[in-house]
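Quick notes on the structure that follows.
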Amino acid sequence: MSTKNEWPLWEVFVRSKSGLDHKHCGSLHASDSAMALQMARDVYTRRQEGASVWVVRSDQIVASDPDTKDMFFEPAEDKVYRHPTFYKLPADVDHM
Amino acid sequence: MDANTLYVLRIADACLIHGQRLAEWCGHAPVLEEDIALTNVALDHIGQARSLLALAGVLEGRGRDEDALAFLRAEREYRNPTALELPNGDFARTVLRSFLWASFMKVLCTALAASTNAQLAAIVAKSLKEVRYHQQHAGDWVVRLGDGSEESARRMGDALALLWPYTAEWFADDEIDAHAAASGIGPAWSSLQSAWRAEVEPVFAEAMLTPLADTPFRSTGKRGVHSEHMGFLLAEMQSLPRAFPGAVW
């Protein structure tokens, strides 16, 4: 299985028939984008899950650092006033 | 059996036997992703075989259902072209056969859309979507391996040398083709050859492969006279239904 170590990892995003957005559903190994799309179709849409598939190289994703979680996210915890529920909306503004 | 039943049976058995061969890769493919892909293709073929065998059973009119036809016939009663029963060999041979056959199925299913048998036309309408993907997936591998490393190109060349002569049988008409064409149930397979070549040649060009010259060799699986590999395949495929008649999941 040495090829496993040579083929890059890809993240797979699938949009379901009724869904509006693509949701991350897993990852796979493939040698290039064309193969990754086919493999994604075969691995992640076997049970009618998909109407559209995106793949992206895992190493192209920039992720936040788990070690900076407190600095990044905790300051928002005591600022509930940022939720729009505190404001009265005019009746004709739907779907906020 | 009448000629139209045998015509349908040839297609049904080709799907069944090819599906059985591809299923042998389950758990053995080079990578996990391809393992699932090959198994998907195998299941598509088994599904096609089920519909077509059920239809053949109706046309035959002796009360045999898809299981009876799939599992309880003797070797000489199977009508698949020999190419599909040959052992898988390596991955190159497997994907090349899959590509050659998917290309054939694509042109056959397209032509069968005009069949005078409405049920057959309906079955192939569904199959056509499946085989278009099989052709793309397998063709992709043919190009990757044919135009890949020295080793992969050698293996693809070996696969071509072995498989190509067996494709001649697909286009060698007999009285069953003539009857099918006359009755309108489906085309004589020889009439599909140029369309098939048009499907195969662009992929071959990309894969640095050249179709081989025709030889006098004609395999005879379509007439029920199979290679030495068929008996072993059937022994494995039929063992469970024969040991446990009527077994269900």
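Before moving on, here are some points about what is shown:
- Selected residue [at pLDDT 95 or above and within 14 Å of chain A (Cβ to nearest Cβ)] from B:ALA14, B:ALA42, B:ALA74, B:ALA70: B:ALA42
- Criterion (modelled with pLDDT under 95 and farther than 25 Å from B:GLU77 by Cα) met by exactly one of B:TRP196, B:TRP141, B:TRP249: B:TRP249
- Scanning the range A:37-46 for residues that are open to solvent by less than 70 Å² (accessible area, probe 1.4 Å) and more than 9 Å from every other protein chain (Cβ to nearest Cβ) gives A:TYR44, A:THR45.
- Yes/no for B:GLY27 being open to solvent by 20 Å² or more (accessible area, probe 1.4 Å) and without any contact (Cβ under 8 Å) to a residue 24 or more places away in the chain: yes
- Flag for B:ALA180 being open to solvent by less than 30 Å² (accessible area, probe 1.4 Å), within 24 Å of B:GLU77 (Cα to Cα), more than 18 Å from the chain's Cα centre (by Cα) and not acidic (Asp, Glu): yes
- The lone criterion from (1) assigned to a helix (DSSP H, G or I); (2) touching a residue at least 60 places away in the same chain (Cβ under 8 Å) left unmet by B:LEU209 is number (1).
- Residue within the range A:18-30 that is over 15 Å from the mean Cα position of the chain (by Cα), within 14 Å of chain B (Cβ to nearest Cβ) and closer than 22 Å to B:GLY139 by Cα present: yes
- B:VAL8 open to solvent by less than 10 Å² (accessible area, probe 1.4 Å) and more than 17 Å from the chain's Cα centre (by Cα): no
- Residue among B:GLY47, B:GLY57, B:GLY19, B:GLY27 that is within 14 Å of chain A (Cβ to nearest Cβ) and part of a helix (DSSP H, G or I): B:GLY47
- Selection status of B:ASP147, within 14 Å of chain A (Cβ to nearest Cβ) and open to solvent by 60 Å² or more (accessible area, probe 1.4 Å): yes
- Each residue in the range B:110-133 was checked for being under 14 Å from the mean Cα position of the chain (by Cα), buried (at least 19 other Cβ atoms within 10 Å of the Cβ) and more than 16 Å from B:LEU53 (Cα to Cα), and 2 of them qualify.
- The range A:47-87 - residue that is at pLDDT below 85 and within 14 Å of another protein chain (Cβ to nearest Cβ) and, of those, surrounded by the fewest Cβ atoms within 10 Å (Cβ to Cβ): A:ARG47
- Exactly one residue out of B:LEU86, B:LEU53, B:LEU59, B:LEU72 is among the aliphatic types (A, V, I, L, M), under 21 Å from B:VAL225 (Cα atoms) and open to solvent by 50 Å² or more (accessible area, probe 1.4 Å): that is B:LEU72.
- Filter pass, B:ASP35 being within 24 Å of B:LEU120 (Cα to Cα), charged (D, E, K, R) and assigned to a helix (DSSP H, G or I): no
The values are calculated or read from the model by the stated rules, or taken from the named source; none is laboratory data. Computed from a prediction, not measured in an experiment: that's the story for all the values here. Neighbour counts are summed over all protein chains in view; Cβ atoms, including those assigned to glycine, are modelled from backbone coordinates with ideal geometry. Side chains included, ligands, DNA and RNA excluded: accessible areas come from the protein's heavy atoms. Shrake-Rupley method; radii C 1.70, N 1.55, O 1.52, S 1.80 Å.
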